[in-house]
1. So which of B:F300, B:F286 is of a type in the set (F, W, Y) and farther than 27 Å from B:L137 by Cβ?
2. If you scan the stretch A:120-149, which residues turn out to be of a type in the set (S, T, N, Q), more than 7 Å from chain B (Cβ to nearest Cβ) and surrounded by 20 or more Cβ atoms within 10 Å (Cβ to Cβ)?
3. When only residues in the stretch B:219-264 that are outside any helix (DSSP H, G or I) and touching a residue at least 40 places away in the same chain (Cβ under 8 Å) count, which is farthest from B:L137 (Cα to Cα)?
4. Determine the pairs where a residue that is within 21 Å of A:F85 (Cα to Cα), located within the stretch A:48-68, has a partner that is hydrophobic (A, V, I, L, M, F, W, C) and part of a loop (DSSP other than H, G, I, E, B) with Cβ atoms under 6 Å apart, the partner being 6 or more residues away or on another chain.
5. I need the full set of residues from the stretch A:168-221 which are within 13 Å of another protein chain (Cβ to nearest Cβ) and modelled with pLDDT of 95 or more, in order please.
6. Give just the number: which of (1) at negative phi; (2) more than 12 Å from the chain's Cα centre (by Cα); (3) within 14 Å of ligand 2 (Cβ to nearest atom) does A:E6 not satisfy?
7. More than 16 Å from ligand 1 (Cβ to nearest atom), in contact with a strand residue (DSSP E or B) (Cβ under 6 Å, 6 or more places away or on another chain) and facing chain B (nearest Cβ under 9 Å) - does that describe any residue in the stretch A:83-106?
Amino acid sequence: MAPILEARDISKQYGHVEALAGANFDVNAGEVVALIGDNGAGKSTLVRIMSGTEPASSGQLIFEGKQVHLTSPVDARKLGMETVFQDLALAPHLSPVQNMYLGREVMRTGPLGRLGFMDSRSMRKGSREAFEKLGATVRNLNGPVGAMSGGQRQGIAVARAAAWAQKVIFLDEPTAALGVVQTKNVLDLIRRVSAEGIGVVFISHSMPHVMDVADRIHVMWRGRRVATYRKEDTSMEQLVAAMTGAVTQEAS
Amino acid sequence: MTLADTTPTAAGTAAVEDVPAGRWQRIARIQALQIVLLLAVTVAIFTILRPGTFLTPFNIRGIVQNTSILAVLGVGMTFVIITGGIDLSIGSVLVFSGVVADKVMAAQGGQGWGTVLLGTLVACGCGLGWGLLNGVLVAKANVPPLIVTLGSLSAALGFAQILTKGLDLRDAPQTLVNKVGFGNIVGQVPTLAVVAGVVVLAGIVLLHRTRFGLHTYAIGSNAEAGRRVGLKVDRHLIKVYALAGLLAGFAGILNLGFFQSTTIGGQSNTALNVIAGVAIGGTSLFGGVGSVFGTVIGLFIPIVLQNGFIQINVQPFWQQVVVGAVLVTVVYVDQLRRAAAVGGRKHYRFPFLSHRGRRT
Ligand SMILES: Nc1ncnc2c1ncn2[C@@H]1O[C@H](COP(=O)(O)OP(=O)(O)O)[C@@H](O)[C@H]1O
Ligand SMILES: [Mg+2]
């Protein structure tokens, strides 16, 4: 099966800093791929490039077998790829509903819609359904998300991405700020999303979480993917060793 | 952590509720309420002290009329400040637009509604032009809004003085002065107030009911988040500054009718007074929060104070002292609220001081 999304030989320089040095990546439909690696290994940078947030210095992105050029996150979203960024990228003063639909507002039908009036009721309904379906704990659809707990915000960001994703979803450390139960919710959500045939890319530092949900694990080290394992074939010890650069499956 | 945070939702029994308001919203509402209360108490005190003259139709009419032009300016300023920006240029843009409109109307020579309409279009066009310039410089050239609009404050006034050689024009058409500036629509309801009321209502609808308003809040709240979901942030900022400029131009023609003069030297504090009204009305100078309704209340307070002080034989200059104190208090409270929201971090800057993308 061809991967739904593939990155080939991606490099990225920030001035003199080489964040990515020929990184490869691939994810299949309905698969959960964990992306692990030490801090600074380039995981977030790779996700930003694959989600259209930043251009690569060089390299190719292949989506459903065709090379694509993403100039903005909007391009990625048009292809059905959604991202939960490490900083969540929510507007703190807006409500969960407003964040859910920001940039994709449902307009009223007819002339009122053309004048810019929004169909608030259907957006509320859609948000409530999405949060319920995805098990996000959102106690207040109207309050500003900035006043909510880190766990609730995370839930909203994840639910937003999951609700819109058609093909691929990137989650950059989605459980970093969460308590035990909330983490379980996110992991359950990852399973549910992938069961719908969506490719999930999951960055985490937690080996138990990775071993829990991932089908495959990509290990990054100094800007490159150095190893890929199937979950059945690996162990936490092996993953940790690979993260320190002790294992190299892929030539540079 | 609260109970609901720890409620397992794996089985799909999510805890989504529609409780009416979160903490921030409640505080925001309370702040708006406090300002309404402040205005009500002020009115009550003056009414008790001067029962025969303060709360009379004649006096109310005067207060409303004096607030009208500021309210038109305040609508645009509210949008700008919600994006995290500021517009210091509106007083000068008002003067510039009035000057050009006056010259065009004088050249055309009429005194009737046709001439007034022509002048209105010209004034609005001038304001729109300055607003677009501000917006492009803020959004595309990435110059801090404070500096951009300080520049256009100076330049627009300079052009107005060049065009008039520094002498006020006083030849506004009769219809503009008699029907718009001083006229009543019906009974004792001043035309100016009705016009301003329409602008305010339109502003409220635009801000709170439309996608344009939502994106205005979103950009002030987290421009990067907006960009990532595909908002055209630069274009939206340009539109917001253009709106503020357009309304300043429109205020220019109203001002011409009201003062029968281009008031070249008289508008140097206008932008600051409007900004004070916006801030007192609960719009955050940090962006992301605000309302047009609050702005209108915030603009009424100084004018009611001035009017009342004159009536009770207190020097009206006290109004400026009180307004200054209220302004600082309101912004201080806003800062506390913001510090609480960002987790006790005390070092933050007003966004309009920075170029975009460097917001702290
Ligand atoms: N915007 C940036 N500007 C400069 N350097 C950056 C930027 N983003 C990331 N880097 C650098 O690139 C490297 C990889 O970072 P990142 O992708 O965030 O790693 P990870 O997410 O794996 O911890 C690090 O050395 C980091 O300092
Ligand atoms: Mg990272």
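1. B:F300
2. A:S127
3. Per the criteria, the residue is B:Q260.
4. These pairs meet every condition: A:I49/A:A56; A:G52/A:L70; A:F63/A:L79.
5. Selection gives A:F170 alone.
6. (3)
7. Checking the stretch A:83-106: at least one residue is more than 16 Å from ligand 1 (Cβ to nearest atom), in contact with a strand residue (DSSP E or B) (Cβ under 6 Å, 6 or more places away or on another chain) and facing chain B (nearest Cβ under 9 Å).
Here is a yes/no grid of residues against (1) at pLDDT below 95; (2) out of contact with any Lys or Arg (no Cβ under 7 Å at 6 or more places or on another chain):
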residue	(1), (2)
A:R8	no, yes
A:Q13	no, yes
A:V33	no, no
A:E54	yes, no
A:G59	no, no
A:D75	yes, yes
A:D87	yes, yes
A:N99	no, no
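The values are calculated or read from the model by the stated rules, or taken from the named source; none is laboratory data. The structure displayed is predicted, hence computed values, not measured ones. Neighbour counts are summed over all protein chains in view; Cβ atoms, including those assigned to glycine, are modelled from backbone coordinates with ideal geometry.
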